[in-house]
Every structure is written in structure tokens, then in C-alpha cells.
Amino acid sequence: MTFWNIWNMTFGFLGIQFGLALQNANVSRILQSFGADVSHLSLFWIAAPLTGMIVQPIIGHYSDQTWTRLGRRRPFFLTGAILAALALVLMPNAPMLAPIVSPMLIGAGILMIMDASINVAMEPFRALVADLLPSEQRTMGFSVQTSLIGIGAVLGAILPYLLTNWFGMTNTPDVEAGHLVANNVKYAFYIGAAVLFGSVLWTVISTREYPPQGGVRPEKQPFWQIGKDFLSIPKTMKQLGVVQFFSWFALFSMWVYMVPAVADHLYGTTDNTSHSYADAGDWVGILQGVYNGVAAIFAFLLPFISKKFSRKGTHALCLLMGAIGFLSFYFIKDPRMLVFPMIGVGMAWAGILAMPYSILAGALPAHKMGVYMGIFNFFITIPQIINGLVGGVMVKHLYGGKTIFAMVFSGFCLLIAAISVFFVEDRDDPVQLAFRKNRKIGLSN
């Protein structure tokens, strides 16, 4: 496929990540506005990985067996985009939906619906890249996807800041008037809904899927086949599972605790209604834009780096840079200097979004690509669920309420993940195949 074919095929991820970036940077702030305590935030964030763990294997299973006028994967991510866009509109308006029920509970429910819808849209995109690209283009495909993810995330992360500083919208809620969510956040979610739906629609219109091989429809398999597939996951997936566990444990901590950590450690406040806390939240949006922007640019370099150092070596390097970035958080005293560690985090994010899937796809049977990509999501969601259950306890009892130590612990997690990469078997990595071939020739001579 040409570069622009790949670009169009993965363009929907720009909108999906635009919505996720808004969620990651603002949902903690929204839930705190609705009355959530900081030590309980991680429990609300369990909604995201829990729904992903349930939804993605099911969507993968049924998309493997589907063929319609829109193809195999496109019907699923179009439906997910519509539902996710609606959830983005509803999220900042939770207090208006049920005057009797706590806005916090309504917000948590909408968060779960939003995550379920985004997962319906996300999983088929992963499978689509693996469906349509050969091994030698796979790293390029997932790298372009990662770049678009980065672009969407940058725009989504900085949007509330731009609405405040360019268009004069307030960044603090008008509690006396009954508005618990600031206008800059509310309108950012509305814009995000439009971008998410529009970008996914572009992929649906511009990308063609090919019928099953030989024109034969996939054989229908019962729902419980998912359990059998889970018990027979390839060795490479199990090995990548260790890498994914520590990678996503670290990322979950960043998304949940970065705003309170920066506000406390660098702005000297834990009062989520203060201007200082609002400024910290807006600056975190910029920082999340920085790491996503770095990921968008660095992703284009991944195919070239992996051709020289192998896919495993490239991923280990990315994770190491992220570990250094997180560990340096504790030693920085000027909020502006946080831009530099976010460069390392951005390199790690680029690797996490591209390299595991590029390594994994070569170990999966083509007719099971969707369900195994969905099952692979278990290794993303389980560490987030565990973090959600123990993260608040760690902050309260282990860190003494100082959320900055959650960022430091993320650094150690990424360091372990980087070491674990070298124990992964990458069956069809062109670099390793060439190395083994040359070694075999050398031994025979």
C-alpha cells in the first residue's frame, strides 16, 4: 500500500485519540468537581480498562466472522464512533441528567459508556492494519497510526488551554450558578465529539476492505470460542504480556495522578477549586500535548530505527527513555521544565502504541487476527485495573498522600518493561531473520 493508503486507513485513530486525550486530561478534574476524593480517583478510572477487557475480545471475535457491504471491521468502528461522540457530549453535562442521583455517579456511568464505545471503535482499527499490510509494511502501518494518535492527542490535550487563552473561556467552574464543569472543558468535549466522528467516517469512506480469501465467508464460531482462543494464545503474546503489564501500570498512574501531582509538587495546592489548581490542570493538558506531539513525530522514525536495531531493541530504547522521564519528575521544581521529561515519555508512548502490535501480528493466524488483538488487550487492561484497585491505597498509605511518588514509581515500571522486551520472541522481524540467515551462512562456511 502507498503511504496515503495507510494514512487514510488509520486516520480514524486521530479522532479516537482526540477524545481519549480529552478524557485523560480532564476526567479526573471533572469527577473531582462532581465530588470525588483524590484517593478514590483510581477506582473511577477502572471503568476504562474493565470495559476494554470485556468489549475488545467480543468485538474482535465477531468482526473476524463478519462481512457486509462496509466490510469486516468498518461497521464496528463506525458504530463505536457514533456512541463515543454522544458520550463526549453528555460527560460534562452529567449534573443535568439526573437531579436526584449524584453527578459523580452519573459521570462515572457515562465514563464507562464512553470507554465501551471507544473500545468498540478502537479494536477493529488494530486488526485492520494487520489485515491489510504485509510484514515488511507492518511497522510502517502501526507507526503512521501512532503518529495520527499523537496528532489527535496533542489537539485534544491542549484544546481547553487554547479555549481559555485564545478565546477567553473561563477555566474555573461557576459553582454558585450550578455549573460544576468549566466552559473551556465543556466546549472542548463538544468539539472532540465532532472530530472523533468525522475522522472515523473519513476512514470508512476512503478505505476498502477485501473479501475473505477465496470469496468464502468466515465460518461462524460460537461465543465460547473466545475462551478457547484465550487458552491457546501464542508464546509471543504471553511474553509481550509482561512488557505490557509494567508499561500500562505506569501509564495509568500518569493519567490518573498527573494533575494532582503537578498541582501539589509544583504549584503548592491540593484545592481543586482554586485558580492554581486550574492552572496546573491546564498546564498538564499542555504537557500531555507535548508527549503526544513527540510521539507523533518520533513514530515516523520507528520503521527506520527498527530496521537497524530490530523491533525489540527499538521498543526497549523507547521504554528506557520513558523511565528516565518519569524518574526526573521528582527533581524538577519549575513547571516549565517538565517539558523535557515529557519528551522521553513521548518516545515511550510511541513505542508502546506501535512496536508490540508490530511484533505480535507476525505470531497470529490471519483468520483470528481480530479476536487475538482483542485478547491482547487483556495485557493492557489488567494492569490498569490492578492499579485502579491499589493505586489509591499506595498514594494514601505508601506515599503519604504525595501523588508525585506515583510518577516516580511509573519510572521504575517502565525500566522493568524495557528489560522484559529482550525476552520476547519476534518470529518475523526482518532484522533478526537476516541476522540468523547470515549467521547460518557463516557457520556453514
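The values are calculated or read from the model by the stated rules, or taken from the named source; none is laboratory data. This one's a predicted model, so the numbers in the text were calculated from it and none came from an experiment. Because the Cβ atoms are built from the backbone with ideal geometry, glycine has one as well, and the counts that use them run over all protein chains shown.
Report yes if LEU163 is buried (at least 23 other Cβ atoms within 10 Å of the Cβ) and over 20 Å from GLY60 (Cβ atoms), otherwise no.
Numbers: buried (at least 23 other Cβ atoms within 10 Å of the Cβ): no; over 20 Å from GLY60 (Cβ atoms): yes.
Here the answer is no, as LEU163 does not meet what is asked.
Restricting region 149-160 to residues that are surrounded by fewer than 24 Cβ atoms within 10 Å (Cβ to Cβ) and modelled with pLDDT of 85 or more, which is nearest to TRP4 (Cα to Cα)?
Per the criteria, the residue is ILE151.
Yes or no: ALA316 of a type in the set (Gly, Ala, Ser) and over 20 Å from SER410 (Cβ atoms)? Give the steps one after another, and end with the answer.
Values: of a type in the set (Gly, Ala, Ser): yes; over 20 Å from SER410 (Cβ atoms): no.
Taking the combined requirement at face value, the residue does not satisfy it.
What's the number of the only condition in (1) β-branched (Val, Ile, Thr); (2) closer than 21 Å to THR170 by Cα; (3) at pLDDT 85 or above; (4) in a helix (DSSP H, G or I) that THR269 fails to meet?
Result: THR269 passes all but (4).
Quick test for you: out of ALA280, ALA261, pick the one residue that is touching a Ser or Thr at 6+ places or on another chain (Cβ under 7 Å), surrounded by 24 or more Cβ atoms within 10 Å (Cβ to Cβ) and part of a helix (DSSP H, G or I). Talk me through it step by step, then tell me what you get.
Details: ALA280 fails: touching a Ser or Thr at 6+ places or on another chain (Cβ under 7 Å).
When all the criteria are applied, what remains is ALA261.
From the list VAL27, VAL101, exactly one residue is assigned to a loop (DSSP other than H, G, I, E, B) and either of a type in the set (A, V, I, L, M, F, W, C) or modelled with pLDDT of 80 or more (or both). Which is it? It would help to see each step written out before you state the result.
Values: VAL27 fails: assigned to a loop (DSSP other than H, G, I, E, B).
From the options VAL27, VAL101, the qualifying one is VAL101.
Assuming VAL431 fulfils every condition listed in (1) part of a helix (DSSP H, G or I); (2) at pLDDT below 90; (3) surrounded by 15 or more Cβ atoms within 10 Å (Cβ to Cβ); (4) under 23 Å from the mean Cα position of the chain (by Cα) apart from one, which condition is it?
Result: VAL431 fails condition (4) only.
Quick check: is even one residue across region 151-158 assigned to a helix (DSSP H, G or I) and more than 16 Å from SER199 (Cα to Cα)? Before you say what the answer is, go through the steps one by one.
Here is the first cut: in region 151-158, the ones assigned to a helix (DSSP H, G or I) are 151-158.
Filter again for more than 16 Å from SER199 (Cα to Cα), leaving 157-158.
Yes.
What number of residues within region 333-358 satisfy the criterion of being more than 18 Å from GLU123 (Cβ to Cβ) and surrounded by 17 or more Cβ atoms within 10 Å (Cβ to Cβ)?
Let us first name the residues in region 333-358 that are more than 18 Å from GLU123 (Cβ to Cβ), namely 333-351, 355.
Within this subset, residues satisfying the condition of being surrounded by 17 or more Cβ atoms within 10 Å (Cβ to Cβ) are 335, 338, 341-351, 355.
Final tally of qualifying residues: 14.
In the list SER306, SER310, SER276, SER253, which residue meets the criterion of being in contact (Cβ under 8 Å) with a residue 60 or more places away in the chain, under 20 Å from ALA157 (Cα atoms) and among the polar types (S, T, N, Q)?
Values: SER306 fails: under 20 Å from ALA157 (Cα atoms); SER310 fails: under 20 Å from ALA157 (Cα atoms); SER276 fails: in contact (Cβ under 8 Å) with a residue 60 or more places away in the chain.
Exactly one residue qualifies, and that residue is SER253.
Would you please list the contacts, defined by Cβ atoms under 6 Å and residues six or more apart or on different chains, that run from a residue in region 388-403 that is in contact (Cβ under 8 Å) with a residue 24 or more places away in the chain and closer than 17 Å to PHE329 by Cβ to a residue that is surrounded by 18 or more Cβ atoms within 10 Å (Cβ to Cβ) and among the polar types (S, T, N, Q)?
Cβ pairs passing all conditions: GLY391/SER42; VAL395/THR403.
When you scan region 18-35, do you find a residue that is in contact with a Ser or Thr (Cβ under 6 Å, 6 or more places away or on another chain) and farther than 17 Å from VAL195 by Cα, even just one?
Checking region 18-35: not a single residue is in contact with a Ser or Thr (Cβ under 6 Å, 6 or more places away or on another chain) and farther than 17 Å from VAL195 by Cα.
Polar (S, T, N, Q), surrounded by fewer than 22 Cβ atoms within 10 Å (Cβ to Cβ) and more than 19 Å from ILE380 (Cα to Cα) - does that describe any residue in region 291-308?
Of the residues in region 291-308, the ones polar (S, T, N, Q) are 292, 306.
Remaining after also requiring surrounded by fewer than 22 Cβ atoms within 10 Å (Cβ to Cβ): none.
No: zero hits.
Out of MET91, MET96, report the one residue that is part of a helix (DSSP H, G or I) and more than 22 Å from the chain's Cα centre (by Cα).
Numbers: MET91 fails: more than 22 Å from the chain's Cα centre (by Cα).
MET96 is the lone residue from the list that is part of a helix (DSSP H, G or I) and more than 22 Å from the chain's Cα centre (by Cα).
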